[in-house]
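Single-structure report; data block below.
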Amino acid sequence: MTNVQTVDTPQALGALCERLARSPRVGIDTEFHNERSYTARLMVVQIAFEDGFAIVDPLALPDLAPLVTALSKPTVVGHALGSDLKIFAERFGIVPPDVFDCQVAAAFLGYGLSISLADLVRDLQGVRLKKLHTVSDWSKRPLSAGQLEYLIEDVAHLLEMQTVLTRRLQEKNRYEWVREECRQLADLDRYRVDERKLYARIPGANRLNRRELAVLSELARLRDRLARERDVPLKYIMPDDVLAGLATLRPHRLEEFAQLRRFDAGGRRALGPAILDAVKTAEALPEAELPPRIHRSLGNARETLVALMSVVVGEIARENEIPASLLAPRASLERVARDVPGNRDAFAASLALSSWRMHLVGERLWQLLSGEAAMRIEGYADGDPRILLQS
(Lines give C-alpha, C1' and ligand atoms only; values in the text may rest on other atoms or scores of the structure.)
Protein backbone atom coordinates (compact mmCIF):
# COMPACT_ATOMS: atom_id res chain seq x y z
CA MET A 1 0.00 0.00 0.00
CA THR A 2 1.34 3.42 -0.92
CA ASN A 3 0.56 6.90 0.38
CA VAL A 4 -0.48 5.57 3.79
CA GLN A 5 0.54 7.70 6.77
CA THR A 6 0.67 6.10 10.21
CA VAL A 7 -0.21 8.53 12.98
CA ASP A 8 0.98 7.31 16.35
CA THR A 9 2.92 10.25 17.82
CA PRO A 10 1.85 13.78 18.82
CA GLN A 11 4.15 15.15 16.10
CA ALA A 12 2.52 13.02 13.41
CA LEU A 13 -0.91 14.00 14.73
CA GLY A 14 0.01 17.69 14.45
CA ALA A 15 1.06 17.19 10.83
CA LEU A 16 -2.17 15.35 10.09
CA CYS A 17 -4.25 18.16 11.58
CA GLU A 18 -2.46 20.67 9.32
CA ARG A 19 -3.21 18.45 6.35
CA LEU A 20 -6.87 18.27 7.33
CA ALA A 21 -7.05 22.07 7.50
CA ARG A 22 -5.94 22.23 3.84
CA SER A 23 -8.33 19.53 2.59
CA PRO A 24 -11.78 20.38 1.22
CA ARG A 25 -13.11 16.90 2.01
CA VAL A 26 -11.98 13.64 3.62
CA GLY A 27 -13.40 10.17 4.04
CA ILE A 28 -13.54 8.73 7.54
CA ASP A 29 -14.30 5.54 9.40
CA THR A 30 -13.54 4.28 12.89
CA GLU A 31 -13.01 0.97 14.60
CA PHE A 32 -14.12 0.85 18.22
CA HIS A 33 -14.93 -1.47 21.10
CA ASN A 34 -18.01 -0.81 23.21
CA GLU A 35 -18.54 -4.03 25.12
CA ARG A 36 -17.04 -2.88 28.43
CA SER A 37 -17.38 0.89 28.52
CA TYR A 38 -20.08 3.55 28.83
CA THR A 39 -18.84 5.31 25.71
CA ALA A 40 -17.29 3.31 22.89
CA ARG A 41 -13.50 3.36 22.93
CA LEU A 42 -11.74 4.32 19.72
CA MET A 43 -9.21 1.78 18.53
CA VAL A 44 -8.43 3.06 15.02
CA VAL A 45 -9.43 6.08 12.93
CA GLN A 46 -9.04 5.79 9.15
CA ILE A 47 -8.94 8.90 6.98
CA ALA A 48 -8.98 9.08 3.18
CA PHE A 49 -7.59 12.09 1.33
CA GLU A 50 -7.76 12.69 -2.41
CA ASP A 51 -4.13 11.54 -2.64
CA GLY A 52 -3.62 9.05 0.18
CA PHE A 53 -4.65 7.70 3.55
CA ALA A 54 -3.92 8.11 7.26
CA ILE A 55 -4.25 5.43 9.91
CA VAL A 56 -4.54 7.02 13.36
CA ASP A 57 -3.71 4.93 16.42
CA PRO A 58 -5.70 6.30 19.41
CA LEU A 59 -4.01 3.81 21.75
CA ALA A 60 -0.64 5.45 21.11
CA LEU A 61 -1.84 9.05 21.45
CA PRO A 62 -2.43 10.77 24.79
CA ASP A 63 -5.00 13.21 23.39
CA LEU A 64 -7.11 12.77 20.28
CA ALA A 65 -9.09 16.00 20.73
CA PRO A 66 -6.92 17.93 18.21
CA LEU A 67 -7.90 15.44 15.51
CA VAL A 68 -11.61 15.79 16.21
CA THR A 69 -11.25 19.58 16.24
CA ALA A 70 -9.35 19.50 12.92
CA LEU A 71 -12.18 17.48 11.35
CA SER A 72 -14.31 20.62 11.70
CA LYS A 73 -12.52 22.11 8.70
CA PRO A 74 -13.24 19.74 5.74
CA THR A 75 -16.44 18.04 4.65
CA VAL A 76 -16.38 14.66 6.41
CA VAL A 77 -17.65 11.82 4.20
CA GLY A 78 -18.58 8.46 5.70
CA HIS A 79 -21.00 5.55 5.61
CA ALA A 80 -23.41 5.12 8.54
CA LEU A 81 -21.69 8.00 10.33
CA GLY A 82 -23.98 8.05 13.35
CA SER A 83 -21.85 5.68 15.43
CA ASP A 84 -18.63 7.55 14.65
CA LEU A 85 -20.15 10.95 15.41
CA LYS A 86 -21.66 9.64 18.65
CA ILE A 87 -18.19 8.68 19.89
CA PHE A 88 -16.81 12.11 19.00
CA ALA A 89 -19.72 13.79 20.77
CA GLU A 90 -19.50 11.69 23.93
CA ARG A 91 -15.71 11.51 24.20
CA PHE A 92 -14.79 15.01 23.02
CA GLY A 93 -17.96 17.12 22.98
CA ILE A 94 -17.42 17.94 19.29
CA VAL A 95 -18.85 16.71 15.99
CA PRO A 96 -17.78 17.86 12.51
CA PRO A 97 -20.29 20.48 11.32
CA ASP A 98 -20.21 19.48 7.63
CA VAL A 99 -20.83 15.79 7.00
CA PHE A 100 -22.03 13.66 4.11
CA ASP A 101 -23.33 10.18 4.90
CA CYS A 102 -23.28 7.89 1.87
CA GLN A 103 -25.77 5.50 3.47
CA VAL A 104 -28.26 8.33 4.03
CA ALA A 105 -27.72 9.60 0.49
CA ALA A 106 -28.28 6.11 -0.93
CA ALA A 107 -31.62 5.86 0.91
CA PHE A 108 -32.90 8.81 -1.13
CA LEU A 109 -31.96 6.98 -4.32
CA GLY A 110 -33.93 3.81 -3.69
CA TYR A 111 -31.30 1.71 -1.90
CA GLY A 112 -33.20 1.35 1.37
CA LEU A 113 -32.25 2.60 4.80
CA SER A 114 -29.42 0.25 5.72
CA ILE A 115 -27.45 -0.73 2.63
CA SER A 116 -24.00 -1.94 3.64
CA LEU A 117 -20.80 -0.25 2.54
CA ALA A 118 -19.76 -3.39 0.64
CA ASP A 119 -23.04 -3.52 -1.31
CA LEU A 120 -22.97 0.19 -2.14
CA VAL A 121 -19.34 0.10 -3.26
CA ARG A 122 -20.11 -2.90 -5.46
CA ASP A 123 -23.10 -1.17 -7.05
CA LEU A 124 -21.55 2.27 -7.53
CA GLN A 125 -17.89 1.40 -8.08
CA GLY A 126 -18.01 -2.17 -9.35
CA VAL A 127 -15.56 -3.20 -6.62
CA ARG A 128 -15.97 -6.13 -4.24
CA LEU A 129 -14.64 -5.46 -0.75
CA LYS A 130 -13.09 -8.45 0.99
CA LYS A 131 -14.43 -7.61 4.48
CA LEU A 132 -12.29 -10.31 6.10
CA HIS A 133 -11.65 -8.58 9.43
CA THR A 134 -15.08 -7.38 10.58
CA VAL A 135 -14.67 -9.07 13.98
CA SER A 136 -11.01 -8.23 14.56
CA ASP A 137 -9.72 -7.33 17.99
CA TRP A 138 -8.63 -3.81 17.14
CA SER A 139 -6.97 -3.31 20.51
CA LYS A 140 -4.07 -5.64 19.59
CA ARG A 141 -0.82 -4.18 18.29
CA PRO A 142 0.84 -4.29 15.87
CA LEU A 143 -1.91 -4.35 13.27
CA SER A 144 -1.44 -7.06 10.66
CA ALA A 145 -1.06 -6.42 6.94
CA GLY A 146 -4.55 -7.88 6.44
CA GLN A 147 -6.04 -5.57 9.04
CA LEU A 148 -4.38 -2.54 7.45
CA GLU A 149 -5.75 -3.54 4.05
CA TYR A 150 -9.24 -3.84 5.56
CA LEU A 151 -8.93 -0.42 7.21
CA ILE A 152 -7.96 1.24 3.93
CA GLU A 153 -10.73 -0.57 2.04
CA ASP A 154 -13.31 0.93 4.39
CA VAL A 155 -12.48 4.50 3.35
CA ALA A 156 -10.88 4.11 -0.08
CA HIS A 157 -14.12 4.57 -2.06
CA LEU A 158 -15.96 7.14 0.06
CA LEU A 159 -14.92 10.30 -1.81
CA GLU A 160 -15.71 8.90 -5.24
CA MET A 161 -19.04 7.58 -3.96
CA GLN A 162 -19.90 11.04 -2.65
CA THR A 163 -19.26 12.44 -6.13
CA VAL A 164 -21.50 9.85 -7.80
CA LEU A 165 -24.25 10.08 -5.20
CA THR A 166 -24.26 13.88 -5.31
CA ARG A 167 -24.68 13.86 -9.09
CA ARG A 168 -27.59 11.41 -8.92
CA LEU A 169 -29.26 13.31 -6.10
CA GLN A 170 -29.02 16.56 -8.02
CA GLU A 171 -30.56 14.90 -11.08
CA LYS A 172 -33.55 13.93 -8.91
CA ASN A 173 -33.64 17.32 -7.10
CA ARG A 174 -33.02 15.55 -3.78
CA TYR A 175 -29.56 16.80 -2.88
CA GLU A 176 -30.91 19.43 -0.46
CA TRP A 177 -33.03 16.76 1.26
CA VAL A 178 -29.86 14.80 1.99
CA ARG A 179 -28.01 17.90 3.13
CA GLU A 180 -30.84 18.61 5.57
CA GLU A 181 -30.60 15.06 6.95
CA CYS A 182 -26.83 15.31 7.23
CA ARG A 183 -27.09 18.62 9.08
CA GLN A 184 -29.21 16.83 11.65
CA LEU A 185 -26.51 14.14 11.94
CA ALA A 186 -23.99 16.90 12.69
CA ASP A 187 -26.13 18.44 15.46
CA LEU A 188 -24.33 17.92 18.77
CA ASP A 189 -27.64 17.96 20.67
CA ARG A 190 -28.60 14.76 18.87
CA TYR A 191 -26.01 12.87 20.92
CA ARG A 192 -26.63 14.45 24.32
CA VAL A 193 -28.36 12.34 26.91
CA ASP A 194 -31.57 13.90 28.25
CA GLU A 195 -31.51 12.75 31.87
CA ARG A 196 -35.17 13.62 32.27
CA LYS A 197 -36.16 10.90 29.79
CA LEU A 198 -33.84 8.08 30.82
CA TYR A 199 -36.64 6.35 32.72
CA ALA A 200 -38.67 5.91 29.53
CA ARG A 201 -36.07 3.47 28.18
CA ILE A 202 -36.57 0.98 31.02
CA PRO A 203 -38.76 -2.03 30.06
CA GLY A 204 -41.98 -2.03 32.05
CA ALA A 205 -41.98 1.73 32.67
CA ASN A 206 -45.36 2.05 30.96
CA ARG A 207 -46.93 -0.02 33.76
CA LEU A 208 -45.82 2.29 36.57
CA ASN A 209 -47.75 5.16 38.14
CA ARG A 210 -46.29 8.65 38.17
CA ARG A 211 -44.79 8.38 41.67
CA GLU A 212 -43.11 5.11 40.75
CA LEU A 213 -41.88 6.74 37.55
CA ALA A 214 -40.33 9.51 39.65
CA VAL A 215 -38.41 6.87 41.61
CA LEU A 216 -37.43 5.13 38.39
CA SER A 217 -36.26 8.43 36.93
CA GLU A 218 -34.04 9.22 39.91
CA LEU A 219 -32.58 5.71 39.85
CA ALA A 220 -31.96 5.86 36.09
CA ARG A 221 -30.14 9.18 36.52
CA LEU A 222 -28.07 7.76 39.38
CA ARG A 223 -27.10 4.73 37.28
CA ASP A 224 -26.24 6.85 34.27
CA ARG A 225 -24.04 9.19 36.32
CA LEU A 226 -22.14 6.32 37.97
CA ALA A 227 -21.68 4.47 34.67
CA ARG A 228 -20.38 7.62 33.01
CA GLU A 229 -17.97 8.35 35.88
CA ARG A 230 -16.62 4.79 35.84
CA ASP A 231 -16.84 4.42 32.04
CA VAL A 232 -18.63 1.08 32.26
CA PRO A 233 -21.86 -0.18 30.64
CA LEU A 234 -25.08 0.69 32.47
CA LYS A 235 -25.78 -2.96 33.24
CA TYR A 236 -22.52 -3.15 35.21
CA ILE A 237 -24.06 -0.71 37.69
CA MET A 238 -27.59 -2.14 37.80
CA PRO A 239 -29.56 -4.12 35.19
CA ASP A 240 -32.87 -2.76 33.93
CA ASP A 241 -35.03 -5.25 35.81
CA VAL A 242 -33.43 -4.30 39.14
CA LEU A 243 -34.14 -0.62 38.42
CA ALA A 244 -37.78 -1.42 37.65
CA GLY A 245 -38.05 -3.60 40.77
CA LEU A 246 -36.63 -0.85 42.97
CA ALA A 247 -39.09 1.67 41.50
CA THR A 248 -41.98 -0.60 42.47
CA LEU A 249 -40.51 -1.51 45.86
CA ARG A 250 -39.59 2.09 46.78
CA PRO A 251 -37.33 0.93 49.66
CA HIS A 252 -36.76 3.08 52.75
CA ARG A 253 -34.34 0.76 54.57
CA LEU A 254 -31.34 -1.26 53.42
CA GLU A 255 -32.97 -4.47 54.65
CA GLU A 256 -35.72 -4.15 52.05
CA PHE A 257 -33.24 -4.75 49.22
CA ALA A 258 -33.27 -8.46 50.11
CA GLN A 259 -36.65 -8.70 48.38
CA LEU A 260 -34.92 -8.34 45.00
CA ARG A 261 -33.13 -11.58 44.13
CA ARG A 262 -31.15 -10.03 41.23
CA PHE A 263 -29.63 -7.36 43.47
CA ASP A 264 -26.66 -9.05 45.14
CA ALA A 265 -25.09 -8.22 48.50
CA GLY A 266 -22.16 -6.41 46.89
CA GLY A 267 -24.49 -4.12 44.97
CA ARG A 268 -26.55 -3.44 48.07
CA ARG A 269 -23.49 -2.40 50.05
CA ALA A 270 -22.01 -0.25 47.30
CA LEU A 271 -25.19 1.43 46.05
CA GLY A 272 -27.65 1.08 48.93
CA PRO A 273 -27.29 4.54 50.52
CA ALA A 274 -27.37 6.31 47.14
CA ILE A 275 -30.48 4.36 46.13
CA LEU A 276 -32.27 5.26 49.35
CA ASP A 277 -31.39 8.93 48.77
CA ALA A 278 -32.77 8.71 45.23
CA VAL A 279 -36.03 7.18 46.48
CA LYS A 280 -36.30 9.87 49.15
CA THR A 281 -35.77 12.62 46.55
CA ALA A 282 -38.43 11.14 44.26
CA GLU A 283 -40.99 10.78 47.04
CA ALA A 284 -40.49 14.42 48.07
CA LEU A 285 -41.37 15.73 44.60
CA PRO A 286 -44.61 17.74 44.40
CA GLU A 287 -47.35 16.10 42.37
CA ALA A 288 -47.01 18.69 39.60
CA GLU A 289 -43.34 17.80 39.07
CA LEU A 290 -43.81 14.06 38.66
CA PRO A 291 -42.82 12.58 35.28
CA PRO A 292 -45.64 12.12 32.78
CA ARG A 293 -47.08 8.65 32.26
CA ILE A 294 -45.68 6.79 29.29
CA HIS A 295 -48.25 6.42 26.54
CA ARG A 296 -50.03 3.09 26.49
CA SER A 297 -51.64 1.53 23.44
CA LEU A 298 -53.63 3.94 21.30
CA GLY A 299 -56.69 1.70 21.26
CA ASN A 300 -58.32 0.12 18.23
CA ALA A 301 -59.86 3.24 16.67
CA ARG A 302 -56.68 5.32 16.72
CA GLU A 303 -54.48 2.39 15.76
CA THR A 304 -56.68 2.22 12.66
CA LEU A 305 -55.89 5.89 11.96
CA VAL A 306 -52.18 5.11 12.21
CA ALA A 307 -52.63 2.15 9.88
CA LEU A 308 -54.46 4.29 7.32
CA MET A 309 -51.79 7.00 7.47
CA SER A 310 -49.12 4.32 7.11
CA VAL A 311 -50.77 3.11 3.92
CA VAL A 312 -50.64 6.62 2.46
CA VAL A 313 -47.05 7.14 3.57
CA GLY A 314 -46.12 3.76 2.10
CA GLU A 315 -47.61 4.66 -1.25
CA ILE A 316 -45.83 8.03 -1.33
CA ALA A 317 -42.62 6.22 -0.42
CA ARG A 318 -43.17 3.75 -3.28
CA GLU A 319 -43.79 6.59 -5.73
CA ASN A 320 -40.54 8.29 -4.70
CA GLU A 321 -38.42 5.15 -4.11
CA ILE A 322 -37.75 6.19 -0.50
CA PRO A 323 -38.15 3.98 2.59
CA ALA A 324 -41.46 4.74 4.30
CA SER A 325 -39.80 5.06 7.71
CA LEU A 326 -37.56 7.79 6.29
CA LEU A 327 -40.61 9.79 5.23
CA ALA A 328 -42.64 9.76 8.46
CA PRO A 329 -41.64 7.93 11.65
CA ARG A 330 -44.38 5.91 13.31
CA ALA A 331 -43.99 8.12 16.39
CA SER A 332 -45.17 11.13 14.35
CA LEU A 333 -48.20 9.24 13.05
CA GLU A 334 -49.07 8.05 16.56
CA ARG A 335 -48.79 11.60 17.87
CA VAL A 336 -51.36 13.04 15.45
CA ALA A 337 -53.64 10.05 16.03
CA ARG A 338 -53.45 10.63 19.79
CA ASP A 339 -53.60 14.46 19.78
CA VAL A 340 -56.22 14.82 17.00
CA PRO A 341 -55.23 18.39 16.01
CA GLY A 342 -58.24 20.40 14.97
CA ASN A 343 -56.79 22.44 12.12
CA ARG A 344 -54.08 22.27 9.47
CA ASP A 345 -51.51 24.37 11.35
CA ALA A 346 -51.93 22.39 14.58
CA PHE A 347 -51.69 19.18 12.57
CA ALA A 348 -48.40 20.28 10.99
CA ALA A 349 -47.01 21.25 14.39
CA SER A 350 -48.00 17.91 15.91
CA LEU A 351 -46.64 15.90 12.97
CA ALA A 352 -43.35 17.82 13.42
CA LEU A 353 -41.69 16.77 10.18
CA SER A 354 -38.87 18.54 8.37
CA SER A 355 -39.75 20.79 5.43
CA TRP A 356 -39.15 18.31 2.63
CA ARG A 357 -41.13 15.60 4.45
CA MET A 358 -44.05 17.97 5.02
CA HIS A 359 -43.95 18.83 1.33
CA LEU A 360 -44.25 15.17 0.34
CA VAL A 361 -46.63 13.74 2.92
CA GLY A 362 -48.10 16.46 5.15
CA GLU A 363 -50.80 17.77 2.85
CA ARG A 364 -51.98 14.32 1.72
CA LEU A 365 -52.21 13.06 5.28
CA TRP A 366 -54.22 16.12 6.29
CA GLN A 367 -56.60 15.61 3.36
CA LEU A 368 -57.15 12.01 4.42
CA LEU A 369 -57.73 12.74 8.11
CA SER A 370 -59.89 15.82 7.57
CA GLY A 371 -62.17 14.04 5.09
CA GLU A 372 -61.15 16.23 2.16
CA ALA A 373 -59.98 13.14 0.27
CA ALA A 374 -60.96 9.48 0.16
CA MET A 375 -58.68 6.50 -0.27
CA ARG A 376 -59.20 4.22 -3.25
CA ILE A 377 -57.33 1.22 -4.65
CA GLU A 378 -56.69 0.91 -8.36
CA GLY A 379 -55.02 -1.81 -10.40
CA TYR A 380 -55.52 -4.71 -8.00
CA ALA A 381 -57.26 -6.88 -10.58
CA ASP A 382 -54.37 -6.24 -12.99
CA GLY A 383 -51.76 -7.27 -10.43
CA ASP A 384 -50.46 -3.73 -9.83
CA PRO A 385 -52.37 -2.27 -6.87
CA ARG A 386 -51.96 1.45 -6.16
CA ILE A 387 -53.39 3.59 -3.37
CA LEU A 388 -55.02 6.82 -4.55
CA LEU A 389 -56.36 9.77 -2.62
CA GLN A 390 -59.22 11.50 -4.39
CA SER A 391 -60.91 14.73 -3.40
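The values are calculated or read from the model by the stated rules, or taken from the named source; none is laboratory data. This structure is a prediction, so every number in the text was calculated from the model and none was measured. Cβ: placed from backbone, ideal geometry, glycine included. Neighbour counts: every protein chain shown.
Would you be able to say whether some residue in the range 83-90 is in the same structural domain as ARG41 (by TED's automatic domain parsing), surrounded by fewer than 19 Cβ atoms within 10 Å (Cβ to Cβ), within 18 Å of ARG190 (Cβ to Cβ) and of a type in the set (Lys, Arg)?
Scanning the range 83-90, I find at least one residue that is in the same structural domain as ARG41 (by TED's automatic domain parsing), surrounded by fewer than 19 Cβ atoms within 10 Å (Cβ to Cβ), within 18 Å of ARG190 (Cβ to Cβ) and of a type in the set (Lys, Arg), so the answer is yes.
What is the residue count in the range 90-124 for residues that are in contact with a Ser or Thr (Cβ under 9 Å, 6 or more places away or on another chain) and among the small types (Gly, Ala, Ser)?
2
Taking the options ILE87, ILE47, ILE94, ILE55, name whichever one is assigned to a helix (DSSP H, G or I) and either touching a residue at least 60 places away in the same chain (Cβ under 8 Å) or in contact with a Lys or Arg (Cβ under 9 Å, 6 or more places away or on another chain) (or both).
One residue alone meets the criteria, ILE87.
Going by what's in this entry, would ARG262 be described as farther than 28 Å from ILE87 by Cβ, modelled with pLDDT under 95, assigned to a helix (DSSP H, G or I) and not assigned by TED's automatic domain parsing to the domain that holds PHE92?
Taking the combined requirement at face value, the residue does not satisfy it.
In the range 97-114, which residues are outside any strand (DSSP E or B) and within 23 Å of ALA40 (Cα to Cα)?
Across the range 97-114, the qualifying residues are PRO97, ASP98, CYS102, GLN103, VAL104, SER114.
Can you confirm whether LYS140 is in a loop (DSSP other than H, G, I, E, B), in the same structural domain as GLN11 (by TED's automatic domain parsing) and more than 24 Å from the chain's Cα centre (by Cα)?
When the stated conditions are applied, LYS140 passes them.
Exactly one condition in (1) in contact with a Pro (Cβ under 9 Å, 6 or more places away or on another chain); (2) within 27 Å of THR69 (Cβ to Cβ); (3) buried (at least 21 other Cβ atoms within 10 Å of the Cβ); (4) of a type outside the set (A, V, I, L, M) is false for HIS157; which is it?
That leaves (1) as the condition not met.
Identify the residue in the range 130-148 that is buried (at least 16 other Cβ atoms within 10 Å of the Cβ) and not hydrophobic (A, V, I, L, M, F, W, C) and, among all such residues, is nearest to PRO323 (Cα to Cα).
Narrowing the range 130-148 to residues buried (at least 16 other Cβ atoms within 10 Å of the Cβ): 133, 136, 138, 143, 147-148.
The next check asks that each one be not hydrophobic (A, V, I, L, M, F, W, C); those that pass are 133, 136, 147.
Working: HIS133: 30, SER136: 32, GLN147: 34 Å.
It comes out as HIS133.
From the list LEU327, LEU360, exactly one residue is under 31 Å from the mean Cα position of the chain (by Cα) and free of Cβ contacts under 8 Å to residues at least 40 places away in the same chain. Which is it? Working first, answer last.
Values: LEU360 fails: free of Cβ contacts under 8 Å to residues at least 40 places away in the same chain.
Being under 31 Å from the mean Cα position of the chain (by Cα) and free of Cβ contacts under 8 Å to residues at least 40 places away in the same chain holds for just one of LEU327, LEU360, which is LEU327.
Name the residue, out of GLU171, GLU212, that is surrounded by 15 or more Cβ atoms within 10 Å (Cβ to Cβ) and either within 23 Å of the chain's Cα centre (by Cα) or on the phi < 0 side of the Ramachandran plot (or both).
GLU212
Anything in the range 143-159 that is within 21 Å of GLU50 (Cβ to Cβ) and assigned to a loop (DSSP other than H, G, I, E, B)? List them, or say none.
HIS157
Name the single residue, out of those in the range 50-63 being surrounded by fewer than 20 Cβ atoms within 10 Å (Cβ to Cβ) and not acidic (Asp, Glu), that is modelled with the lowest pLDDT.
The residue in question is PRO62.
I'd like to verify a number: residues in the range 227-247 that are surrounded by fewer than 19 Cβ atoms within 10 Å (Cβ to Cβ) and under 23 Å from the mean Cα position of the chain (by Cα), how many?
Initial filter on the range 227-247 (surrounded by fewer than 19 Cβ atoms within 10 Å (Cβ to Cβ)): 228-236, 239-241.
If we keep only those that are under 23 Å from the mean Cα position of the chain (by Cα) as well, we get 228-229, 231-236, 239-240.
Of the residues in the range 227-247, 10 are surrounded by fewer than 19 Cβ atoms within 10 Å (Cβ to Cβ) and under 23 Å from the mean Cα position of the chain (by Cα).
May I ask you to say which residue of ALA373, ALA317, ALA328, ALA348 is within 26 Å of ARG201 (Cβ to Cβ) and surrounded by 13 or more Cβ atoms within 10 Å (Cβ to Cβ)?
After applying the criteria, what remains is ALA328.
Any chance you could count how many residues in the range 102-115 are aromatic (Phe, Trp, Tyr) and buried (at least 24 other Cβ atoms within 10 Å of the Cβ)?
0
Output the residues belonging to the range 361-389 that are farther than 18 Å from ALA307 by Cα and not acidic (Asp, Glu).
Once the filter is applied, which keeps residues that are farther than 18 Å from ALA307 by Cα and not acidic (Asp, Glu), the range 361-389 yields GLY379, TYR380, ALA381, GLY383.
Being out of contact with any helix residue (DSSP H, G or I) (no Cβ under 7 Å at 6 or more places or on another chain), modelled with pLDDT of 95 or more, of a type outside the set (Asp, Glu) and surrounded by 15 or more Cβ atoms within 10 Å (Cβ to Cβ): is that true of VAL99 here?
In short, no.
Given the residues VAL76, VAL68, which is the only one that is under 20 Å from the mean Cα position of the chain (by Cα), part of a strand (DSSP E or B), without any contact (Cβ under 8 Å) to a residue 60 or more places away in the chain and outside the structural domain of SER325 (by TED's automatic domain parsing)?
Being under 20 Å from the mean Cα position of the chain (by Cα), part of a strand (DSSP E or B), without any contact (Cβ under 8 Å) to a residue 60 or more places away in the chain and outside the structural domain of SER325 (by TED's automatic domain parsing) holds for just one of VAL76, VAL68, which is VAL76.
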